[in-house]
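Below is one structure, written out as structure tokens; the observations come after it.
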Amino acid sequence: MEQTQIPAPQAPRPFNFPRFEKFRLPNGLEVWYARHKKLPLISCQLVIMSGALHDPSGQEGAATFLADMLEEGTQKHDAEEFSMLLEEKGIEFSASADYNGSYLSMNTLTGHAGAALKLFGEALTAPRLAEKDMERLRKIRQGHRRRAADMPDKIAAEVLMRHVYPGHRYSLPAMGRLEHNSSLTLEQLRDYYRKHYRPENAILVLVGDLPTAEINDLLDKTLGYWPAGGQRFELPPVLETPRDFGLQLVHRPGAQQAEIRLGHAGVDRHDPAYFGALLANQILGGYFLSRLNMNLREDKGLTYGIESRFSLRRVTGPFYISAAVDSDKVALALREIFEELERMTREEVSAEELDNARGYLSGVFPIAFETGAQIAAGLSNIALFDLKDDYYRNFRAQLERVTVQDVLNAARKYFNPSRAQVVVVADREQVAESLAEKYSLNISEIDVA
Amino acid sequence: MHLNIPFKSFHLENGLQLLLHHEGTTPITAVNLWYKVGSWNERPGKTGYAHLFEHMMFQGSAHVGSDMHFRLMQSVGGVVNGSTAFNRTNYYETLPSHHLERALWLEADRMGYLWQAMTPEKLDNQRDVVKNERRQRVDNQPYGLWLDKTLEMAFPPDYPYHWPVIGYMEDLDAAGMDDIRHFFETYYNPGNASLCIAGDFDEAQTLEWVERYFGGIPSGPMPPPVEARFDGYFSGEKREVLPDAVQLPRLYLSYHVPGMDSRDFIVAQILSAVLSGGKSARLYNELTFKRQLAQEVGCFLFPMLQTSLLMFMVTPQNGISVETMEKALQGEIDRLSLSDIGEPEIERVKNQIVAYKVRELQSVSHIADGLNQGAVLYGDADYINKELALYQAVTRSEVVAFAQKWLKDSNRVVLTFIPKNE
């Protein structure tokens, strides 16, 4: 009976992250280019090595607001015309920022590369930054802030960061709060732009199918006039995070589920134990086969899905677990979550669990770098996190070296249940009693605008 | 521009359709299996079963232990999922190409031998998971009931688009083992399915595997056709107001339009892109950019066979009344019928579609899904290669004529969410 045997694999075909070239334009802008021959497309991302972590105090949201403004036209083309020029050729263009950096991204058919890069260069080097556009976007951003209160997952995520990183920039959302978005001025955005949007603080990543000489020529014409200069900036360190366990219950009247977030400070990507921590997280809650998912979803049916993750940031970001669970079983869910977290620090994982987790991360590797845009994102990560050029080429070999003992060591170092901050967003009437049996509760109303 | 995605089509003796598209740039392969069954095939009182059944397909089959499907796929880096829609259910995995045989074996086992491994405990567990899925996606979300309410207003109670794909809580509670068995025996047959393999593989070897694993599955009965016919066009406007725990009101206007298997649907897609395909499209440009009334606005089509809905969604900015917002949106809808759509707008939309389609080709899993969509919903796998020409043939006057015919008040339902505390 053929059906009774699990088929054996064939011989794998080799694959690796592509090699890339580095060169500089005469103005000092560093360019990383990976040739990708498959379809007539070009993916391009300019990484500014400053983001929300560089918002001046009291001006939280400046980096993301400025990024929004970079989509609103150039000195030559107003916002309406700028969008039209892009969209009439099917060019995708966007600007954004997070804690780590600021990004201008573009994707175009190769046939429009010249026109696309010209607009890209204008948006970067000669943005319009007009008062009326800022006032228009301000209303939209204020709307986003007000509406955060509608969304249980957003409330939970934001309240968790307040309690994990009190006093640090991470305690506020990257886009700032309503008050910041109401008070930021155009002059403040211009200051941020003048200080941070400079060639020495940027790397341009490009993936596509054009000869290097042609790329060089195109970039020279479209970005070559960006004046040289600039510098990289320090990042604000996290000085201290809370040592004591805490549980916040945010009362959301009429909630149909309990939204849970719990976490604490996470891992530095450059720590030698990083790959052990990555695998420890994978086994705990990083994929469907993880302990948390198999226990809370597949065994107990408490949730549609649960996951844990290390949020990788240039200044160490958080480790957190997230799930939406049955309100009447929230105490059981928390008990199981903590049991799984503690078990990771108590005993070695099985060899099979480690093999599965490693097999997943290793096997998914070619799927993660199938498209030009995915390769560009990989290059941007190397730039942003100051990783070695061969980081991805060695990624699978690094995974291979990790032992069950390494996983245990990493779990003991990076999972700290007794220091965890817990946030539950639910209807108080449905959850307070069962939670109070085990935890001391700080109950609050929704306050996230 | 002309797209050419080469593929080969085969049929096994038991009726299973097989589509192969070879693309070996990256050593990965997409396996994609569509069954022609969705919430369309359900009945009142038994809603959500197609989707609940999809969950059961991941719970093991005769030769695959209860959590082995995910284990065998994820442990080698396979990216696995399934989804249920109105007219179809799909299962798909992308994995390193040297593990292709494993994926075919798993798909064949659950197509042929699922029922032997089914238990009431598994059903109870996944019922709880799906109820939590519904809470997370619908009941605990702002404006979460938009789809339930719109479908209930737009379609009569016994017409199978009346209920949402995820179904109602009380029906999920009532689902029993007999229902699961009925679904499996009625719809999960080779003749009601299409298997597409795209990416890196050896053709002769793959054909042999498909025959080996799927060839022995009995063809089974042909599923009964759905007899329902919708005739509720232009039957008068319906309106409902729903208070919700939200900061801003929101409007949903849904017009009855022909289904996705019609030429009109192609025209409707061009129309919806004229309205909401980017920042230079009309709705954003007029309502958000120029008049600064809308926090967000969009227009989209439901992918449904036989009949469909063209939906407008708009959230007014803080301080803008829902009445002002609706009037402004209505102005944009009325403008469409005044035949002022310009050639450049149509050209922009067509260029955006070309770029979008080329971007989609970057991923073998998209190609596999696209080939199967053609095969199952349009009865023509080559639809993927013909689609672009269909869009490119649409004229300005067809778009205007579509708007004049279908975008009438008597042909729509209007759902308004208002903040509870107002």
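The values are calculated or read from the model by the stated rules, or taken from the named source; none is laboratory data. Since this is a predicted model, take the numbers as computed values, not measurements. So basically every Cβ, Gly included, is an ideal-geometry build from the backbone, and we count neighbours across all protein chains shown. These accessible areas exclude ligands, DNA and RNA; they are computed on the full protein's heavy atoms, side chains included. Shrake-Rupley method; radii C 1.70, N 1.55, O 1.52, S 1.80 Å.
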Margin query: Just to be sure I follow the rule: in the range B:8-214, considering lysines 8 or more places apart or on different chains, how many pairs have Cα atoms under 27 Å apart?
Written below: 10
Notebook entry, point to check: With every protein chain present, what is the per residue accessible area of the protein assembly as shown (1.4 Å probe, Å²)?
Noted result: 37
Note to self: Between the range A:45-101 and the range B:235-274, how far is it from one alpha carbon centroid to the other, in angstrom?
What the structure shows: 32
Check: Once the dipole of the range A:194-239 is set up with Lys and Arg at +1 and Asp and Glu at -1 on Cβ about the Cα centre, which of A:L235, A:P211, A:Y197 lies farthest towards its positive end?
Finding: A:L235
Margin query: Can you sort A:S322, B:S66 by solvent-accessible area, 1.4 Å probe, largest first?
Written below: B:S66, A:S322
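Regarding the range B:238-419, what is the average projected area of its C-alpha convex hull, in nm²? Could the numbers behind the result be given before it?
Values: hull surface 44.4 nm².
If I average the Cα hull's projected area over directions, I get 11.1 nm².
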Next item on the list: Could you tell me whether chain A comes out rounded, prolate or oblate from its Cα gyration tensor? Rule is a ≥ b ≥ c as square roots of the eigenvalues, rounded for a/c under 1.5, then prolate if a/b exceeds b/c, otherwise oblate.
Entry: oblate
Item checked: Per residue Cα convex hull volume in Å³ - calculated over the range A:1-60 -> 249
Next item on the list: At most 14 other Cβ atoms within 10 Å and a DSSP loop assignment: could you name the GluC sites (Glu not before Pro) in the range A:212-267 that fit?
Entry: A:E234, A:E240
Checklist line | Percent of C-alpha pairs per 5 Å bin, the range A:165-206, short to long | finding: 5, 17, 16, 19, 20, 15, 7, 1
Next item on the list: Per residue of the range A:17-26, in order, report the coupling 6.51 cos²θ - 1.76 cosθ + 1.60 (Karplus, θ = phi - 60°) as ³J(HN,Hα) in whole Hz, putting x for Gly and Pro.
Entry: 4, x, 6, 9, 9, 10, 8, 10, 7, x
Checklist line | Reachable aspartates and glutamates, given that their alpha-carbon falls under 13 Å from the alpha-carbon of B:K350 and they are not under 8 places away in the same chain | finding: A:E87, A:E88, B:E387
Note to self: Checking understanding here: applying a Kyte-Doolittle mean of at least -1.0 and a length along the axis of at least 24 Å (C-alpha), which whole DSSP H helices in chain B pass?
What the structure shows: B:343-360
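Let me know the charge dipole size of the protein assembly as shown about its Cα centre in debye, to the nearest 20, where only the beta-carbon of Lys, Arg (+1) and Asp, Glu (-1) is charged. Intermediate values should be presented prior to the final figure.
Details: 91 positive and 115 negative charges, 356 e Å.
Charge dipole of the protein assembly as shown: 1700 debye, to the nearest 20.
Taking the range A:1-68, which trypsin sites (Lys or Arg not before Pro) meet the DSSP loop condition and have no more than 10 other C-beta atoms within 10 Å?
Those satisfying the criteria are A:R19, A:K37.
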Next item on the list: Would you compute the Debye intensity of the range B:42-178 from its alpha-carbon atoms alone, equal scatterers and no solvent, and pass along log10 I(q)/I(0) at q = 0.11, 0.12, 0.19, 0.20 Å⁻¹ to two decimals?
Entry: -0.46, -0.54, -1.12, -1.19
Note to self: Nearest 10 degrees is fine. How inclined is helix A:113-125 to the longest principal axis of chain A, computing both from alpha carbons?
What the structure shows: 80
Notebook entry, point to check: Could you name the lysines in cross-link range of A:K22, using Cα to Cα under 22 Å and dropping any fewer than eight places away on the same chain?
Noted result: A:K37, A:K38, A:K118, A:K221, A:K388
Notebook entry, point to check: Using alpha carbon centroids, what distance separates the range B:1-60 and the range A:295-310, in Å?
Noted result: 27
Check: Measuring from the lowest to the highest alpha carbon on each principal axis, how far does the range A:21-223 reach, largest first, in angstroms?
Finding: 51, 34, 31
Notebook entry, point to check: Once Lys and Arg get +1 and Asp and Glu get -1 on their Cβ, which of B:M304, B:G48, B:A294 lies farthest toward the positive end of the dipole of chain B?
Noted result: B:A294
Notebook entry, point to check: Along each of its three principal axes, how wide is the spread of alpha-carbon positions in the protein assembly as shown, in whole angstrom units, largest first?
Noted result: 72, 72, 62
Notebook entry, point to check: Straight-line reach from A:K438: which lysines have a Cα under 22 Å away, not including same-chain ones fewer than 8 places off?
Noted result: A:K300, A:K329
Next item on the list: Give me the compactness ratio for the range A:122-170, meaning the Cα radius of gyration over 2.2 N^0.38 Å.
Entry: 1.63
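Going through the range A:359-449, which GluC sites (Glu not before Pro) have at most 10 other Cβ atoms within 10 Å and a DSSP loop state?
Working: sites: A:E370, A:E400, A:E429, A:E433, A:E437, A:E445; in loops: A:E370, A:E437.
Passing both the DSSP loop test and the Cβ count: A:E437.
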Notebook entry, point to check: So how strong a dipole does chain A carry about its Cα centre when Lys and Arg Cβ are +1 and Asp and Glu Cβ are -1, to the nearest 20 debye?
Noted result: 740
Checklist line | Pair-distance profile P(r), taking every C-alpha pair of chain B, with 20 angstrom steps and integer % | finding: 24, 54, 22, 0
Check: In whole Å, how far is the Cα centre of the range B:371-416 from that of the range A:351-403?
Finding: 41
Notebook entry, point to check: Using Cα pairs under 8 angstrom and six or more residues apart, how large is the relative contact order of chain B, in percent?
Noted result: 23
Check: Tell me, which residues of the range B:46-74 get at least 50 Å² less accessible area when the other protein chains come in, versus the chain alone (1.4 Å probe)?
Finding: B:H63, B:F70, B:R71, B:Q74
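Is it possible to state the helix-based mean residue ellipticity at 222 nm for chain B, with each DSSP H run of 4+ residues giving -39500 (n - 2.57), the sum divided by total residues, to the nearest 500 deg cm²/dmol? What is it?
-12000 deg cm²/dmol
Classify the range A:246-445 from the C-alpha gyration tensor, please: rounded if a/c falls under 1.5, else prolate or oblate depending on whether a/b exceeds b/c. Walk me through the numbers before you get to the answer.
Working: a/c = 2.03, a/b = 1.80, b/c = 1.13.
Since a/c reaches 1.5 and a/b is larger than b/c, the shape of the range A:246-445 is classed as prolate.
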Notebook entry, point to check: Hey, any idea what % of the protein assembly as shown's accessible area is carbon plus sulfur with a 1.4 Å probe?
Noted result: 50
Note to self: Given bins 10 angstrom wide, list per bin the percent of all Cα-Cα distances in the range B:126-233, short to long.
What the structure shows: 11, 26, 29, 23, 11, 0
